[in-house]
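Visitor: One structure coming up, written as structure tokens, with questions to follow.
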Protein chains: 2
Amino acid sequence: MPESTPRPRPLTDLGPEELTAFRQEQQTAYDALRGRGLSLDLTRGKPSSAQLDLSERLLSLPDGTRDAHGVDVRNYGGLEGIRELREMFADLLGVEPAQLVAGGSSSLVMMREVLTDLWLKGAVDGVRPWSEEEKVTFICPVPGYDRHFTLLSWFGIDTVTVPMDEHGPDVEAVAALAAADPSIKGMWVVPTYANPTGSVVTQEVAARLATMETAAPDFKIFWDNAYALHHLTEDEAKTADVLSLAAAAGHPHRPIMFASTSKITFAGAGVAFLGGSVENVAWYVGHLGKGSIGPDKVNQLRHAQFFGSPEGVRDHMRQHRAIIAPKFAAVDEVLTSRLEGLGVATWTRPSGGYFVSLDVLDGTAGRVVELAREAGVALTPAGASFPGGHDPDDRNIRLAPTFPELPEVREAMDAVATCVALAAAEKLSH
Amino acid sequence: MPESTPRPRPLTDLGPEELTAFRQEQQTAYDALRGRGLSLDLTRGKPSSAQLDLSERLLSLPDGTRDAHGVDVRNYGGLEGIRELREMFADLLGVEPAQLVAGGSSSLVMMREVLTDLWLKGAVDGVRPWSEEEKVTFICPVPGYDRHFTLLSWFGIDTVTVPMDEHGPDVEAVAALAAADPSIKGMWVVPTYANPTGSVVTQEVAARLATMETAAPDFKIFWDNAYALHHLTEDEAKTADVLSLAAAAGHPHRPIMFASTSKITFAGAGVAFLGGSVENVAWYVGHLGKGSIGPDKVNQLRHAQFFGSPEGVRDHMRQHRAIIAPKFAAVDEVLTSRLEGLGVATWTRPSGGYFVSLDVLDGTAGRVVELAREAGVALTPAGASFPGGHDPDDRNIRLAPTFPELPEVREAMDAVATCVALAAAEKLSH
């Protein structure tokens, strides 16, 4: 090895005096940080202005007001969405157009609608509404998406966690739970570039989820493919075709897929999609029609014209990648240069999606977030990636580097690294 | 009286031979009608293309992507909607901006959301979720809006009807029901230019609804002000201020107001509003936030820029009036010339809204709709304006003259008049 900066040693290997010196060093860095009056925000997975600008042409679309089939998109009707946009995204999401609904601007709203329908009416393959069950429980891979957990909690649905690893949920743990307990009615999966780990569900894991025996006949996989097309490298992950796998296994109604253009065009003004068996789609649209006359088809036509084709969407995503991949690289660079070898943090290097999952020394995540906040760097609350906001190890922090500009990402990550190191030194000093 | 066409005599005054002759005359007219191969549709309250064209400029808005307060409307957030649009419609709807939420494109969806929240969580002033009540009943003024009834039925909410007269619901009947039965949790009211009667709730009726004692502490008035600004004459009705009346009476959380631009701009791509006490608004937004990150603010900014001001909305509505008032006049003209004096039909002459309510000879509404269908004129199914689609008198037909072009409206109404007269003659011949 060439002579250079000495390789950092794990903090746990340091003697008391060395640790005190390290802690003092970090405290000094932290005090300097506080003096700088930062105001940086890594809390939410929001596209940056530059990303939103990629879709500027949407603001002056659509040209004309009829879809390819002659429907006046301005008027009422068309619960399932306009066909050309459904066809385009059916191609991208690997389903048949008849299996896909194009809705309003939010897939989260669609998830709530599906839960409401399950709650009040029951599933296509169910025997009663979920509200009439003594207990309903969902399997939640963790770390996961806080809004998924909030939604369950709103319905009074219990949660049981399984670990999320690089291949997706711990599928043996899932299968054991689902087989044993009929109150376990479903699970969340973010199959591609999961929030926050960046994991991609492998073909094998998807197949196991699709084929496993479940005690509940109406077990549902909420397959939230929010980042299906959100690659950060040339190695573009292909989402497993869970609908076909489930259908082949005799469980066609098990998966319900969600996706949207929220992080493709405008976060608040995109188009959301729901996919599933033809029966699930009819079930969803049937219930939807009791309280809706149709989605915003003007916005759907706007999107169809903007993209032009599935390839148009893929091209557009490459432009996103050019903007955000450097930010993810910066997160990794700064964390590596500041924390590697200290034995107090590991983090993901996602090849897609919107997040980096940072695991710090057990018992210090809350402290890191607190230190960062006091230094003007807003992080997602520690524990947010767990149901009830409770990370039993107080270890996980979700980093969202897309929204700030690149220099801010570096600055924020440097600050975070200081907080991680300081919190670890504090902890180990006790 | 000058000599002219003999004044028509009520069919019930005709002798058997005269009636037979009249029936034969109508049958001949009807047969001729069938031979013409009409294809006309008066079923739904949809704006016509010419009306939709009034908002064409929306298609190339917004200019810029920040609202008046600097918020980037393209990104996530802002559950309650952008302030400038809330301020504009608060003015138009006679509420404070803090009492108004701007949402997605559908007020019907907001109604479903409110019912879902009441069902699963209970009201601000309630003691338990409505799903935990033994029974929940809504008072439904009839004739009324079919989608309101469908929504109730979806939740399993019972209905009890009261007559709708020209001043609004029969308020004494409402008050008696609400006072007597704690299962009666709410009611529908379309206060301005009601669907389908065109009635406008008077100040007195609104005050009685706002102040009446109700056995249920969490009684809710679903105040669906869909046609608040949809005048057909210069005599523009002003909606009673039910929120203030209810607040003054000590029932601030009783009314929840709904409105939208569906019949102002684009039927499928407008902006919907929910109004209520500040506590009701917080309750709604709080629940909304469990399954939504915010509405389509781009579309809200688009609307705010398009209108410019409350007066801009009023001006715009006058352009609608210029297009549709002649259609309503045509309905009245044709019905008058064909049916007046026969004693087999009465109809409303609304000064606003989207519908004419036609009452035919008892027991013939279904037959009229059937005859019309066979002659190529689609009418809303008889009974649609009643819960469960059941009109106990088989009397009411809702006419929606806005969508067809003016000559088609005349043609369709002439056909309808023939069907009404024929059905009546058939009925009286038996």
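Visitor: For segment A:38-122, please list each of the helices (runs of 4 or more DSSP H) lying entirely inside it that holds at least 3 residues being touching a strand residue (DSSP E or B) at 6+ places or on another chain (Cβ under 7 Å).
Guide: A:83-93, A:107-120
Visitor: Okay, moving on. Go through (1) of a type outside the set (A, V, I, L, M, F, W, C); (2) more than 19 Å from A:Asp67 (Cβ to Cβ); (3) in contact (Cβ under 8 Å) with a residue 24 or more places away in the chain and name the single condition A:Glu311 misses.
Guide: That leaves (3) as the condition not met.
Visitor: Given (1) in contact with a strand residue (DSSP E or B) (Cβ under 7 Å, 6 or more places away or on another chain); (2) assigned to a loop (DSSP other than H, G, I, E, B); (3) not hydrophobic (A, V, I, L, M, F, W, C), identify the lone condition not met by B:Ser357.
Guide: Looking at each condition in turn, B:Ser357 falls short on (2).
Visitor: Looking at segment B:100-132, which of the residues that are within 9 Å of another protein chain (Cβ to nearest Cβ) and among the hydroxyl-bearing types (Ser, Thr, Tyr) is farthest from B:Asp218 (Cα to Cα)?
Guide: B:Ser105
Visitor: Which one of the conditions (1) crowded, with 16+ Cβ neighbours inside 10 Å; (2) modelled with pLDDT under 95 does B:Glu166 fail to meet, given that it meets all the rest?
Guide: So B:Glu166 meets the others, but not (1).
Visitor: Here are the criteria: (1) of a type in the set (D, E, K, R); (2) assigned to a helix (DSSP H, G or I); (3) buried (at least 21 other Cβ atoms within 10 Å of the Cβ). Tell me which single one A:Asp391 does not satisfy.
Guide: Going through the list (1) of a type in the set (D, E, K, R); (2) assigned to a helix (DSSP H, G or I); (3) buried (at least 21 other Cβ atoms within 10 Å of the Cβ), A:Asp391 breaks only (2).
Visitor: Test A:Val73 against the stated conditions and say whether it is closer than 24 Å to A:Gly308 by Cα and more than 12 Å from chain B (Cβ to nearest Cβ).
Guide: No.
Visitor: Take residues that are within 19 Å of the chain's Cα centre (by Cα) and tell me which of the strands (runs of 3 or more DSSP E) falling wholly in segment B:251-354 contain 2 or more.
Guide: The qualifying strands (runs of 3 or more DSSP E) are B:255-260, B:272-275.
Visitor: Being touching a helix residue (DSSP H, G or I) at 6+ places or on another chain (Cβ under 9 Å), charged (D, E, K, R) and under 20 Å from A:Glu84 (Cα atoms) narrows it down to one of A:Arg254, A:Arg208, A:Arg314, so name that one.
Guide: Answer to the check: A:Arg314.
Visitor: Sort out which residues of segment A:280-313 are more than 7 Å from every other protein chain (Cβ to nearest Cβ), farther than 25 Å from A:Leu58 by Cα and crowded, with 18+ Cβ neighbours inside 10 Å, and write them in order of number.
Guide: A:Asn280, A:Val281, A:Trp283, A:Tyr284, A:His287, A:Leu288
Visitor: Separate question: Looking at segment B:20-37, is at least one residue within 27 Å of the chain's Cα centre (by Cα), buried (at least 18 other Cβ atoms within 10 Å of the Cβ) and away from every other protein chain (no Cβ under 14 Å)?
Guide: No, that holds for no residue.
Visitor: Please verify whether B:Pro97 is more than 14 Å from every other protein chain (Cβ to nearest Cβ) and not hydrophobic (A, V, I, L, M, F, W, C), treating the condition exactly as stated. Reasoning before the result, please.
Guide: Values: more than 14 Å from every other protein chain (Cβ to nearest Cβ): yes; not hydrophobic (A, V, I, L, M, F, W, C): yes.
For B:Pro97, the condition - more than 14 Å from every other protein chain (Cβ to nearest Cβ) and not hydrophobic (A, V, I, L, M, F, W, C) - is met.
Visitor: List, please: which pairs have Cβ atoms under 6 Å, are six or more places apart or on different chains, and start with a residue in segment A:367-378 that is surrounded by fewer than 24 Cβ atoms within 10 Å (Cβ to Cβ) and end with one that is β-branched (Val, Ile, Thr) and not in a helix (DSSP H, G or I)?
Guide: A:Ala378/A:Thr43
Visitor: Out of curiosity, is A:Thr265 over 29 Å from A:Met212 (Cα atoms), β-branched (Val, Ile, Thr) and more than 10 Å from chain B (Cβ to nearest Cβ)?
Guide: No; evaluated as a whole, the condition is false for this residue.
Visitor: Among the listed residues A:Ala228, A:Ala194, A:Ala216, identify the single one that is among the hydrophobic types (A, V, I, L, M, F, W, C) and either surrounded by fewer than 24 Cβ atoms within 10 Å (Cβ to Cβ) or not in a loop (DSSP other than H, G, I, E, B) (or both).
Guide: Selected residue: A:Ala216, the only one of A:Ala228, A:Ala194, A:Ala216 that is among the hydrophobic types (A, V, I, L, M, F, W, C) and either surrounded by fewer than 24 Cβ atoms within 10 Å (Cβ to Cβ) or not in a loop (DSSP other than H, G, I, E, B) (or both).
The values are calculated or read from the model by the stated rules, or taken from the named source; none is laboratory data. Keep in mind the model is a prediction, meaning the values are calculated, not measured. Because the Cβ atoms are built from the backbone with ideal geometry, glycine has one as well, and the counts that use them run over all protein chains shown.
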